[in-house]
Amino acid sequence: MEPLTNWAGNITFGARQVLRPRTIDEARDLIAAAAKVRVLGSGHSFNRLADTDGDLLSLAGLPRVVEIAPDRRTVRVDGGIRYGDLATRLHAEGLAVHNMASLPHISVAGAVATATHGSGVGNGNLATAVAGVEIVRADGELVTVSRGDADFPGSVAALGALGAVVALTLDVRPAFELRQYVFENLPAASVRTGLPEILADGYSVSLFTRWTGPDIDQVWLKRLDPMTGDPFFGATLADGPRHPVPGMPAENCTEQGGVPGPWHERLPHFRMEFTPSSGEELQSEWHVPLDRANDAIDAVAQVRERVADVLQVSEVRTIAADDLWMSPNYQRDSLALHFTWIADTEAVLPVVADVEKALAPLNPRPHLGKVFTTAPELPRTADFKALAERFDPAGKFRNEFLDRLLG
């Protein structure tokens, strides 16, 4: 097999082969026959979460499934569909999911497995939209776990540890329009005194900074209603389209300037029809309690110069609390501090450790699909480990990453 890497190119997978089933029954047979297997999503993890010395299983070849329930409250989708493709199909039916990540290119199952998120104080991460998961276990048995089942909170953001998620049922809502505004140079004084109000001013709010100074470089505000009244907390409305990373082409980004548009063309930062970058980057993210947001910004500011030396851009977002065991938002509203680093692992890792040390008093929880060095402390890890051992007693879906995480 030709060497296979993740999207960023910092991980070369150790798998013997990539299995590409065309049906769920074929996936069941391949999994039952495999000695070791991990499911490969869209390759957008930045660590060895998806790696294995056995077989990788890609679900991208499954038939696309978008089955809207008769009551139009849920949709059943296949395990290989990407958010951008799902969004187009849903919008054509007058429906939407509650949120999307920055990239619409990622797979739904992979994003759910890692509790990937968008932003908004009232919006849970993408896994919170899941009403049911259909999992092929190590023995090839297909099981369904639904909201309300005892195992459900551990079966959604499950890191691929329980089996292969070949289908999901998601909550949907009526389609809606959003307007996206970009503001520049948000004063540090406004952040200090008005951060809760800033973060709650839109359906989705993102703050971008390069940590070269105390001010926020850009605010990306996605609103249901048009802006009215005074300037945004002292920031200046951008005079044209912007990209979060200086020097990158703004045409890759979703439409700005307050022009109303469909939810799926405003919630992501990047357009589905463009590759947002070449993948020349690493990423890290830590989630802290939302009520400690200013403390978190102060903590990173203590190592600002170290961060800025290896940073492309940093994004600050909010995520509502949930009850999913391996979610970094478990039982707490969160502020997420995301870092898009340069593509230099040797230079980045010491700075990652610096950020973790600075945030340590705030009990940070890392995004488990990104780069981190300190073992996370998640309250329900022991319960999740027991669930994984019950689903996969021989450890067919385990790998070194999960062994370190779960013990």
Quiz item: Relative contact order, percent, of region 256-333 when contacts are C-alpha pairs under 8 Å separated by at least 6 residues?
Solution: 22
Quiz item: For residue 33 and residue 193, what does the FRET efficiency come to when R0 = 45 Å and r is the distance between their Cβ atoms, rounded to the nearest 0.05?
Solution: 0.15
Quiz item: Could you give the accessible area per residue of region 1-85, probe 1.4 Å, as a whole number in Å²?
Solution: 49
Quiz item: Which residue, 316, 121, 303, has the most motion in a Gaussian network model of the chain that connects Cα atoms within less than 10 Å?
Solution: 303
Exercise. Scan around residue 39 for amide H atoms under 5 Å from its own, H built in the peptide plane at 1.01 Å from N, and keep only partners 5 or more places away or cross-chain.
Key: 57
Exercise. Take every Cα pair under 8 Å in region 28-71 that's 6+ residues apart, average their separations, divide by the length, and report that relative contact order as a whole percent.
Key: 38
Quiz item: Excluding ligands, DNA and RNA, what is the solvent-accessible area per residue of region 342-393 at a probe of 1.4 Å, expressed in Å²?
Solution: 47
Quiz item: Taking a label point 7 Å from the Cα of residue 25 along the Cα→Cβ vector, which residues of region 124-164 have an amide N closer than 20 Å to it?
Solution: 134-144, 164
Practice problem: Could I get the Rg over Rh figure for region 173-286? Both from C-alpha atoms, Rh via Kirkwood, rounded to two places. | Solution: 0.96
Quiz prompt | Sites residue 250 and residue 375, calculated FRET efficiency, Cβ-Cβ separation with R0 41 Å, nearest 0.05 | solution = 0.55
Quiz prompt | Rg/Rg_ref, region 350-407, where Rg_ref = 2.2 N^0.38 Å and atoms are Cα | solution = 1.30
Quiz prompt | Overall dimensions of the chain by Cα: Rg and Dmax, Å | solution = 20.4, 64
Quiz item: Mean separation of Cα pairs under 8 Å and 6+ residues apart, divided by the residue count of the chain: what relative contact order is that in percent?
Solution: 18
Exercise. Please report, as a whole percent, how much of the solvent-accessible surface of the chain comes from carbon and sulfur atoms (probe radius 1.4 Å).
Key: 49
Quiz item: So if R0 is 56 Å, what FRET efficiency would residue 346 and residue 92 give, r being the distance between their Cβ atoms, rounded to the nearest 0.05?
Solution: 0.75
Practice problem: Quick one: compute a quarter of the convex hull surface over the Cα atoms of region 194-233 and quote it in nm². | Solution: 3.1
Exercise. Please express the shape of region 235-363 as an equivalent ellipsoid: the semi-axes are the square roots of 5 times the eigenvalues of the C-alpha gyration tensor, given largest first in whole angstrom.
Key: 26, 21, 15
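The values are calculated or read from the model by the stated rules, or taken from the named source; none is laboratory data. Note that the coordinates shown come from a computational prediction; the quantities given were computed from them, not determined experimentally. Methodologically, a virtual Cβ is constructed for each residue, glycine included, from the backbone with ideal geometry; neighbour enumeration extends over all protein chains shown. For the accessible areas, the whole protein counts, side chains as well, though only heavy atoms, and no ligand, DNA or RNA atoms are used. Shrake-Rupley method; radii C 1.70, N 1.55, O 1.52, S 1.80 Å.
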